[in-house]
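To start, the structure itself, in C-alpha cells.
The values are calculated or read from the model by the stated rules, or taken from the named source; none is laboratory data. On a predicted model such as this, the values are computed, not experimentally measured, just so you know. With ideal geometry, Cβ positions are generated from the backbone for all residues, glycine too; neighbour counts draw on all protein chains shown. Side chains included, ligands, DNA and RNA excluded: accessible areas come from the protein's heavy atoms. Shrake-Rupley method; radii C 1.70, N 1.55, O 1.52, S 1.80 Å.
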Protein chains: 6
Amino acid sequence: MFSVEVRNRIMIAHSLPDPFFGPAQNLHGATFVVDVAFFREKLTAHNVVVDIGAALDVLGKTLEPLAYQNLDVLPHFKGKLTTTEFLCKYVFDRMAAAALSGALGDDGKTLSRIRVTLSETDLARASYEGPISG
Amino acid sequence: MFSVEVRNRIMIAHSLPDPFFGPAQNLHGATFVVDVAFFREKLTAHNVVVDIGAALDVLGKTLEPLAYQNLDVLPHFKGKLTTTEFLCKYVFDRMAAAALSGALGDDGKTLSRIRVTLSETDLARASYEGPISG
Amino acid sequence: MFSVEVRNRIMIAHSLPDPFFGPAQNLHGATFVVDVAFFREKLTAHNVVVDIGAALDVLGKTLEPLAYQNLDVLPHFKGKLTTTEFLCKYVFDRMAAAALSGALGDDGKTLSRIRVTLSETDLARASYEGPISG
Amino acid sequence: MFSVEVRNRIMIAHSLPDPFFGPAQNLHGATFVVDVAFFREKLTAHNVVVDIGAALDVLGKTLEPLAYQNLDVLPHFKGKLTTTEFLCKYVFDRMAAAALSGALGDDGKTLSRIRVTLSETDLARASYEGPISG
Amino acid sequence: MFSVEVRNRIMIAHSLPDPFFGPAQNLHGATFVVDVAFFREKLTAHNVVVDIGAALDVLGKTLEPLAYQNLDVLPHFKGKLTTTEFLCKYVFDRMAAAALSGALGDDGKTLSRIRVTLSETDLARASYEGPISG
Amino acid sequence: MFSVEVRNRIMIAHSLPDPFFGPAQNLHGATFVVDVAFFREKLTAHNVVVDIGAALDVLGKTLEPLAYQNLDVLPHFKGKLTTTEFLCKYVFDRMAAAALSGALGDDGKTLSRIRVTLSETDLARASYEGPISG
C-alpha cells in the first residue's frame with residue numbers, strides 16, 4: 001500500500017460542555033496541526049498516489065471556514081462536542097467527498113483510504129482512518 | 001477507525017547480556033519516549049476514543065515503577081532481555097489490562113486495539129500493536 | 001554560558017481585536033508549547049543550572065491560571081493585546097520573579113538570564129529573553 | 001504485531017518531466033529522510049524484530065548509490081518518474097530482497113512486512129508498506 | 001529581546017564544485033527548511049515584533065525564484081559555492097533589505113536583528129544572524 | 001555570525017548520588033541527542049563555517065568512549081556529578097581542543113565559538129556555549 005501525507009493547520013476556540021471534560025468545559029482553544037494521508041494500492045500513471053497540489057488545495061479549502069473561528073457558534077457544529085476525534089472525522093468526510101467528486105483529479109476517485117490526524121499538543125493527537133466508498 | 005495517542009517518558013539503565021547485542025551488552029541506559037495509541041471503531045457518547053485523563057494517569061502509573069531504575073535488578077525482568085521491543089509489549093500488556101479492568105473508564109472496556117511505541121533515539125524506535133481481548 | 005530548558009503547554013482562547021490582525025481579530029484559540037531556558041555563567045555546587053524539579057513546578061503554577069481559559073475575560077489581561085510575544089513576556093516576568101524570590105531554590109537567585117519561547121503552530125513561534133535583575 | 005523503525009537520509013537531484021508536476025518538471029532536488037520499519041508477529045529468541053545493526057548496514061548500502069546523485073542520469077532510473085512514492089517502493093524492494101537473502105540475519109527471513117517512509121519536506125511525506133514474500 | 005520566527009521551505013538542485021566537498025561536488029539537491037527570526041528590543045504598539053503576514057509574504061517572495069531550481073545555472077549564483085551557510089546569508093540580505101525598505105511594514109524598519117536558519121537534513125543545519133543597519 | 005550545527009547521540013547509564021537529585025540518585029540512564037554548533041564571523045574560502053565531515057568525525061570520536069557505558073565507573077568521571085550540564089561542558093572542551101589542534105582542519109583554528117546541546121528527553125535539554133581561546 002502506498003501513501004502520501006500532507007500538512008496544514010488551524011487555530012480555533014471551542015468548549016466541551018460536559019462534566020466528562022473537566023477544565024476543558026471552559027471556552028478555550030487549540031492549534032490543530034492537520035495531517036491527511038491518502039492511500040492507494042497501485043500508483044497512478046504519473047507514479048503518484050494523488051495530485052499533491054490538488055490535495056493541498058482541497059485541504060486548505062476544508063480548513064478555511066474553521067480557521068480563527070469559535071467552533072461553538074458555527075451552525076454546523078451546533079450541539080456537537082467538537083473533540084479532536086470528532087474533528088478528525090469532520091475533515092475526513094470532506095476529504096473523502098472531494099476525492100469521490102473528482103476535486104482531487106480523476107485519480108482521486110480511485111483512492112482506497114484516507115487518514116486524518118490532528119495533533120493538539122506535543123503530547124496528544126487523534127486520528128480517523130477509513131475507506132473511501134463511492 | 002479512530003485513535004487517540006498520548007505521550008510520557010522514562011529514563012532507565014539496563015544491559016543486553018548476549019553477544020548478539022555487541023556494545024549494548026554493557027550496562028548502559030536510555031530515555032524512552034513512550035506513545036500509547038488507543039483505537040476504537042466508533043466514538044463513545046462523549047465523542048472520544050477514551051478518557052484522556054484516565055489514559056494519562058494509567059500510563060504514568062505503569063511507567064513509574066521503571067522510572068530512574070536499573071532494569072537489570074528489577075525482579076520482574078530477571079533473566080529477560082529488556083529490548084525496546086520487549087518493553088513495548090510490557091507496557092502494552094499493562095495498558096490492555098487496565099482497559100479491561102475499567103481503569104480507563106467504562107468506555108475503555110470496549111476499545112479495540114492499543115499500540116505502544118518507544119522511541120529510543122532520534123533514529124530508532126519500536127512498537128507493539130494488538131487487540132484487546134477480554 | 002550554561003543553559004537548561006524545560007517544556008510545558010497550555011490551550012487557550014483569545015482574540016486580537018485590532019484590524020492589524022486580520023482574521024485573528026475573531027475569537028479563536030491556540031495551543032502554546034512553552035519552553036523556558038535558564039542561563040548561568042558557572043554551574044552550582046550540584047553541577048546544575050537550576051533545580052529542574054523546582055523549575056517545572058514554578059512553570060506549571062505560572063501556566064495553570066491560563067490553562068483552558070479565554071484570555072479575553074481574565075482581569076489581568078483586560079484591554080491587552082495578548083499576542084504570542086506579549087505572553088512570552090508575561091511568562092518571563094513570572095519566572096524571573098520566582099527566581100529572585102527563591103522559589104527556584106537559592107541557586108535560582110543567581111541565574112543570569114531567562115528565555116521564554118512559545119510555539120503557536122509548527123510554523124511560527126515567539127520568544128523573550130532578558131536578564132534577571134534583583 | 002511488533003515493529004522496529006530506523007532512519008537514514010540522502011540528498012539528491014532529479015526532475016519530474018511531465019506537465020502534471022508543474023514547477024517540479026525543472027531539475028531540482030530533495031533531502032529525503034528515510035525511515036524503514038520492519039514488522040514481525042513474534043519476537044525472535046533475542047527479543048528483537050530484526051538485528052538493528054544489520055538493518056542499518058543494509059539501509060546504508062541501499063541508499064549509498066543514490067546519495068549526492070542526479071537521479072535523472074542513473075541508468076536504473078532511465079525513463080522513470082522518480083517521485084517520492086516511486087522511491088519508497090525502490091527502497092522497499094531492496095530491503096525486502098535483503099531480508100529474504102539473509103542479509104538481515106537468519107531472523108530477517110521470517111519478517112512479515114516492511115514499510116518505507118520518505119519525508120521530503122516538513123509538510124509532505126510518502127510511504128510504501130507491503131508483505132515480504134519468499 | 002523579543003523574537004518572532006516563521007518557516008517556509010524550498011527544494012533545489014546544486015553542486016559544490018571543489019574537492020573540499022567530496023561527494024557533494026556532484027550535482028545533487030536538498031530540501032531546505034527555512035526559519036527566519038526577527039528580533040526587537042521593545043514590542044510595537046500592536047504588541048508584536050513584526051507583521052507576521054508581511055514577513056511570511058516577503059519570505060515567500062524571496063524563496064520563490066529559488067524553488068524547484070538548479071542553483072548552478074541561476075545567473076546571480078554564477079561562480080559561487082552555494083553552501084547552506086552561503087544561502088543563509090543570501091536570504092538574510094533580502095529579508096534585511098525588505099525590512100529597511102518598509103516591505104515588512106513601518107515597524108519592520110526598526111527591527112534590530114534577523115537570523116536565518118536553513119536545515120538541510122535531520123542532522124545538520126546552518127544559520128546567519130546579524131544586525132539590520134540602515 | 002554564521003553557524004553550522006551537527007548531531008550525534010549516545011546511550012549511557014549513570015547515577016547522580018546527591019539527595020538534591022531525588023529519584024535520579026538511583027542508577028538509571030539516558031539517551032543524549034548531542035547537537036554541536038560552530039560559530040564564525042566570516043565564512044572560509046570554501047563558503048563554510050567548518051569542514052562538516054571533520055566536525056562529524058571529531059564528534060563521533062569524542063562520544064565513542066561514552067557510548068554504551070556506565071559513566072559512574074569511567075575513571076575520568078570519578079567523583080563527578082555527571083549532570084546533563086556537566087556533560088555539555090565535557091563535550092565542549094573536547095570539541096574546542098580539537099578545533100585548536102587543527103583536527104577540524106586549518107579553518108577550525110579560527111572558529112569563534114562552539115555551543116553543545118544535550119537533549120535528555122522530549123521535555124528537557126541543556127547547553128554550554130563559549131568562545132574558543134587559543
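Values for this structure:
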item	result
Residues B:ASP122 and A:MET1, FRET efficiency given R0 of 25 Å [Cβ-Cβ distance, rounded to 0.05]	0.40
Nm distances between copies for E:ALA97, ranked from closest, using label points 7 Å along Cα→Cβ	4.7, 4.7, 4.7, 5.0, 6.7
Residues with amide H under 5 Å from that of F:ARG9, placed H, sequence gap 5 or more	F:VAL34
Accessible surface, per residue, of chain F when the full set of protein chains is kept, probe 1.4 Å, Å²	38 Å²
Partners for E:LYS42 among lysines (Cα-Cα distance below 19 Å; same-chain residues under 8 apart left out)	C:LYS80, C:LYS89, E:LYS109
Position F:GLY22, label points 7 Å along Cα→Cβ, spacing to each other copy in nm (shortest first, one decimal)	1.8, 3.7, 4.4, 4.4, 5.1
Kirkwood Rh (inverse of mean 1/r, distinct Cα pairs), the stretch D:1-70, angstrom	14.3 Å
In Hz, Karplus ³J(HN,Hα) per residue of the stretch E:20-37 (6.51, -1.76, 1.60; θ = phi - 60°; x = Gly, Pro)	3, 8, x, x, 6, 5, 5, 5, 9, x, 7, 9, 10, 8, 10, 10, 10, 10
Within the stretch E:46-124, trypsin sites (Lys or Arg not before Pro) in DSSP loop having at most 11 other beta-carbon neighbours inside 10 Å	E:LYS78
On Cα atoms only, tilt of D:52-63 relative to the major axis of chain D in degrees	20 degrees
Label distances, nm, C:SER133 versus same residue in remaining copies, Cβ-directed 7 Å point	2.7, 2.7, 6.8, 6.9, 7.4
Amide H contacts of F:ILE132 (H built 1.01 Å from N, under 5 Å, at least 5 apart or other chain)	F:ARG113, F:ILE114
Amide hydrogen neighbours beyond the local backbone of C:ARG125, cut-off 5 Å, H modeled	C:GLU120, E:GLU5
Carbon + sulfur, % of accessible area of the stretch A:6-134 - ligands and nucleic acids excluded, 1.4 Å	52 percent
Cα centroid separation, the stretch C:67-113 to the stretch E:32-89 (Å)	32 Å
Helix D:84-101 axis, angle to chain D major axis (alpha carbon atoms, nearest 10°)	30 degrees
Buried area at the D-B interface (accessible, heavy atoms, 1.4 Å probe, summed, Å²)	1400 Å²
Rg to Rh quotient for the protein assembly as shown, alpha carbon positions, Kirkwood Rh	0.93
Extended-chain gain in nm, criterion 0.36 nm per residue less alpha-carbon gap, E:LEU56 and E:THR110	17.7 nm
Relative contact order (%) - criterion: Cα under 8 Å, at least six apart; region: chain D	29 percent
Threshold 50 Å², the stretch D:1-45 residues less accessible with all protein chains present than alone (1.4 Å probe)	D:MET1, D:PHE2, D:SER3, D:GLU5, D:ARG7, D:ARG9, D:MET11, D:PHE20, D:LEU27, D:HIS28, D:THR31
For chain D, convex hull of alpha carbons as volume per residue, Å³	110 Å³
Delta accessible area of at least 10 Å² on complex formation, residues of the stretch B:85-105, 1.4 Å probe, chain isolated as reference	B:GLU85, B:PHE86, B:LYS89
